[in-house]
Amino acid sequence: MATGTHVKIPPDDAAVFLRSQFEQSSAGAGRVVMVSGGVASGKTTLLNDLLDEATAAGAVTLSATGAPDEQRIESAIIDQLLANSSTPVTGAAKPYTALGLCDTLQGLARERPTVICVDGIHYADETSVRILLQLQRRIRSVKLLMVLSRPEWPRGSPAGFDLQHRCYGVRLAPLPEQTIAAMLDAAGHNHSGLAARLHALSGGNPMFAKAAVDDHLEGLGHDGRAVAGPAYAQAVWAFLHRSEDHLLDVATALAVLGECGDAELIAKLTGIDADAVVDVLAVLEQGGLLAGGWFRHPDAPTAVLRNLPTTERIRLHRAAAELKYREAAAATEVASNLVSAGETSAEWSLPILRRAAERALMADDIAFATRCLELGLSAASDEAEQRSIHLSIVRSTWRVNPSGVLPHISALAAAADQGELDQAGCLALLRHALWHGDRQNALRAHELLHTGPGPIDPQIDTAVKLAFHWHFGQDLPQVKSSDFATHPGAAPWNHTAHSLTQTWRQGSSDTTKASAERVLRNSRLGDTTLEAIAMAISALAHGGNCDRAQWWCGRLAKEARQRGATSWQAMIEALRAAVVLQRGEVTKAAELARSALDMLSEPNWGVSISHPLTTLLMADIAAGTFASAAETLRRPVPDAMLETVGGLWFLRACGHFYLATKRPLAAIGYFHKVQRLMRTREESMPLLVPWRSDLAEATLRLGNRTIARDLANQQIELAHSSNPFAHGLALRALALAGTPAEGSRSLLERAAKSFQQAGHQLELNRTLKVIAQLQNPERERLNGLAADAIEAPRPVPASRLMVAQDARPEPVAREDGRSERAESVTLSEAELRVAQLAALGHTNRQISRRLFITISTVEQHLTRTYRKLDIRGRSALAHELGYARISI
């Protein structure tokens, strides 16, 4: 390297370079190295490591550190060098003379290798700089290495050293990604892509990089994500509390102003000269804290502001809000500082907060919208303004915390009592009442909605009707409203609502399916439309369109997740769990139901908690995991839930739990509860809950086949073929109550067809199991064997066959060379469904149509099934699965 040149290299390479310079200087070729770099780039560590190595090699070492408070003290650096010498330097005493001190150090360096390190030479006093410059000009033939460091600061660097002969410049570059990867490798934590993410987080700054790695090793990033934890926050604070002027002030101002904080605004907020702010921002960027004018990591602004006194932080946010307002910044920008300050003293604050909340809601930033509104509420004095804010808070909060809106709902209810509530407020009251199963207040809010001024949007009215149906299984009473009657868009929406409610009156049809699709396509997911969407999905599933229902659930759950609406997402996931259970995927259904329950606390679920609880309970029953089912039964539920449709299905599930655990008397008690609660609904909703079939099954367990047959026949008369699910349950119950001579097999085959038509794989599996057991000649009484068959209705017909998503049993060698299966064989749920239908005599094309998969997929599932079961083909499936072939 030629003298006077500067090379930019990483710290590790710089250490190698300094080592080589020490070796050459020890051979009598003295030299000076100027090390420069950004803040916390590793300069001090580099010099300290050199001093340690030189001392270990027997060299004389002298070191000093420049500091702003010693810059005006004469000879402060020289004093430090002599005081911090590894060997006493004789002949060097105050008052120093430049020539005398140079002669002394030169004489020392002729005898032994000598290293002089000054960290922060830009803070050196004038006398010391003059002496060191003179020494630099006299080291050509002595064993002296002088290493000086300074930051790459835009101003204030000492002139002279790097212009002299035999001076080499080293600029420290950021750490490369490979160095961070090596740090992670050494700890055994280098996940794929992690080094790149930590490098981006730290900007290659050694202090930030080490802190980021330390945070990761502490377990904060155990899943492979780059994180910024306590170590990183401490590194940021240490970085800013260095002696360089204004680093902390500028970084703090930027953190307060946000991403709109340019140099001009920072200068106005801090009072620092604008040119100086530009220089400081460049230093912060060079040091790896900023990138593109903003902090590299989203947690860095919090780390910058964390240790500020509360009063100072509030003052800065208040000043920033006023500054942004004067500069006509966006409402969200101004509001962010108002919210952080927690103050709204200025007259312009409230309108700014309202506008910011509206924009935040449009962007689905619920948390920020709510904070703006709550702060605005504290500043509002007008009652109408307060009501409007209460309503806005209900709209934003309900998406994530339905129970948290109660104080604001109370304010709206008080306004309703005074006749001062508009349509939007009435809808909020209705929404809250329905979610919590409060029929009386729901009806009151509905009446207020229709008797108030102005027309009602027909889509909203339809959503309200369907929501009431969803919760209570009944029509809303008619309210006279001339405005609504003349609304030009009322007719098609009225027709859609009427058609969809026919699902619980007359069963599914092409019309109800079309109405369900129409609602789903034309209703944007929201607080008002949630139950209408739920009813449409349920109608599709009840009509045998499980694949379509599941597709809609997936699409809507994704939308809810993207919009941060936890309440919506939880409800949609609960619906998906029910559909998945209907398809016979018991394990997945239980997982989805538990996931949905975990999204909201029990108070936030309201009466809608019945839906995930029912699915979870039925899934546990189907899987035979009765201990888990018992835990589900012990979960507290609101009393009002039992008055809802969801509550009826939950009670039915409770009855089936006791039926499956051989307690038919307890089961009958629950089914009678369903019967009593259905009395007010059955005239208009006869197909809502098939309690007669359930009661028939339970009565049969007590040996009363006559009553069981009567109940089953009543259910058949009600259901006919319009509700294949209820019809199938009744046919199966009738078969169980009869004898083989009475055509029980024929009834079971008809029940299987009904479940197939309903798309209810879970009940189809149970029915096929009963049919298979009919082939057992040792059983004389059908009701006895059937009871055993349906006590644990797992989707697995053979005792040695297991259903799982992964794992495969290892084959066991036989004497004839063929492999023998382990005691349990694992088929995926998809493979099992294909195998079941093949065992029953369906062709590949029929299976393809039935399961909505390609013929090629059917063939692949069968091939894997043959291999797992170690059979040669389709003819052996019926025997392996324990099924008799039937034509359905």
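The values are calculated or read from the model by the stated rules, or taken from the named source; none is laboratory data. What you are looking at is a predicted structure, and each value in this text was computed from that prediction instead of being measured. Note that each Cβ is placed from the backbone with ideal geometry, even for glycine, and that neighbours are counted across all protein chains shown. Side chains included, ligands, DNA and RNA excluded: accessible areas come from the protein's heavy atoms. Shrake-Rupley method; radii C 1.70, N 1.55, O 1.52, S 1.80 Å.
Spread over its residues, the convex hull of the C-alpha atoms of the range 603-745 is 116 Å³ per residue.
Restriction of the GluC sites (Glu not before Pro) in the range 306-361 to DSSP coil positions whose beta-carbon has at most 15 other beta-carbons within 10 angstrom yields Glu327, Glu347. The alpha-carbon of Lys143 sits under 17 angstrom from the alpha-carbon of none of the lysines, leaving out residues fewer than 8 places away in its chain. Of the listed residues Glu859, Glu385, the order by accessible area with a 1.4 Å probe, largest first, is Glu859, Glu385. Could you compute the net charge surrounding Ile389? Neighbours are other residues with a C-beta less than 14 Å from the C-beta of Ile389; K and R count +1, D and E count -1. Taking every other residue near Ile389 into account, the sum is -1. Cross-link pairs exceeding 32 Å between alpha carbons, from the set Lys513/Lys588; Lys8/Lys210; Lys210/Lys588; Lys8/Lys268; Lys588/Lys753; Lys465/Lys662: Lys210/Lys588; Lys8/Lys268; Lys465/Lys662. The simple spin-label model puts a point 7 Å past each Cα toward its Cβ; for Ser141 and Ala83 those points are separated by 3.6 nm. Distances between placed amide hydrogens fall under 5 Å for Leu144 paired with Gly30, Arg31, Thr114, all partners being 5 or more residues away or on another chain. Once the Kirkwood radius over Cα pairs is known for the range 175-317, the Stokes-Einstein relation at 37 °C and 0.692 mPa s delivers a diffusion coefficient of 210 µm²/s.
A helix-only calculation puts the chain at -18500 deg cm²/dmol for mean residue ellipticity at 222 nm, using -39500 (n - 2.57) for each DSSP H run of at least four residues, averaged over all residues.
Within the straight-line cut-off of under 14 Å between alpha carbons, the aspartates and glutamates reachable from Lys43 are Asp12, Asp13, Asp119, Glu152, sequence neighbours fewer than 8 places apart in one chain being disregarded. Under a straight-distance cross-link criterion of Cα-Cα below 19 Å, which aspartates and glutamates are reachable from Lys558, leaving out those fewer than 8 residues away in the same chain? Candidates past the 8-residue exclusion: Asp364, Asp365, Glu517, Asp527, Glu531, Asp547, Glu573, Glu591, Asp598. Using 1/(1 + (r/R0)^6) with R0 = 25 angstrom and r between the beta carbons of Glu631 and Ser595, what's the FRET efficiency to the nearest 0.05? Calculated transfer efficiency: 0.95.
So what's the gap between the Cα centers of the range 603-653 and the range 18-57, to the nearest angstrom? Distance between centres, Cα-based: 72 Å. Of Ile716, Ile771, the residue with the largest accessible area leads and the full order is Ile716, Ile771 (1.4 Å probe). The figure for Asp461 is an accessible area of roughly 0 square angstrom, using a 1.4 Å probe on the protein chains alone.
Its residues counted as N, the range 319-466 yields a C-alpha radius of gyration over 2.2 N^0.38 Å of 1.13. Extension gain for the segment His495 to Ile9, taken as residue separation times 0.36 nm less the Cα-Cα distance, is 167.4 nm to one decimal. Arg524 contributes about 150 Å² of solvent-accessible surface, heavy atoms of the protein only, 1.4 Å probe.
Comparing Val118, Gly188, Pro664 along the charge dipole axis of the chain, the residue lying farthest to the positive side is Pro664, per the Cβ-charge model. Working from label points 7 Å from Cα in the Cα-to-Cβ sense, the Ala93 to Asp49 distance is 4.1 nm. Sorting Phe671, Phe725 by solvent-accessible area of protein heavy atoms yields Phe725, Phe671, largest first, with a 1.4 Å probe. Along the range 426-439 the Karplus relation, 6.51 cos²θ - 1.76 cosθ + 1.60 evaluated at θ = phi - 60°, assigns HN-Hα couplings of 5, 5, 5, 4, 5, 4, 5, 5, 5, 4, 9, x, 8, 4 Hz to successive residues, with x for each Gly and Pro. Around Asp438, under 13 Å between beta carbons, what's the net of Lys plus Arg minus Asp minus Glu among the other residues? Combined, the nearby Lys, Arg, Asp and Glu give +1. The alpha carbons of the range 698-757 give a radius of gyration and a Dmax of 10.7, 31 Å, in that order. Between 0 and 90 degrees, the angle of helix 586-599 with respect to the longest Cα principal axis of the chain falls at about 60 degrees.
Farthest toward the positive end of the dipole of the chain, out of Val394, Cys167, Leu530, is the Cα of Leu530, where the dipole comes from beta carbon charges about the Cα centre. Taking 0.36 nm per residue of sequence separation and removing the Cα-Cα distance, the Thr451/Asp275 pair yields an extension gain of 56.8 nm. Classified by the C-alpha gyration tensor, the range 511-561 has an oblate form. Its axis ratio a/c, with a ≥ b ≥ c, is 1.5 or above, and a/b does not exceed b/c. Since only Thr44, Leu695, Leu443 are under comparison, the one whose Cα sits farthest along the positive direction of the charge dipole of the chain, derived from C-beta charges on Lys, Arg, Asp and Glu, is Leu695. With all protein chains kept in place, the per residue accessible area of the range 391-523 amounts to 42 square angstrom at a probe of 1.4 angstrom.
Please give the helix 744-758 orientation as an angle from the longest Cα principal axis of the chain, in degrees from 0 to 90, rounded to the nearest 10. So the inclination is approximately 40 degrees. Stokes-Einstein diffusion for the chain at 10 °C, viscosity 1.306 mPa s, with a Kirkwood radius from C-alpha pairs, works out to 47 µm²/s.
In a DSSP loop and with at most 15 other Cβ atoms within 10 Å, the trypsin sites (Lys or Arg not before Pro) in the range 1-95 are Arg72.
Charge dipole of the chain (Cα centre as origin; +1 on each Lys and Arg Cβ, -1 on each Asp and Glu Cβ, all else neutral): 3340 debye, rounded to the nearest 20.
The heavy atoms of Val142 present about 10 square angstrom of accessible area, all protein chains included, probe 1.4 Å. By accessible area, using a 1.4 Å probe on protein heavy atoms only, the chain has 50% of its surface on carbon and sulfur. Helix 11-26 and the long axis of the chain differ in direction by around 20°, with both axes built from C-alpha atoms.
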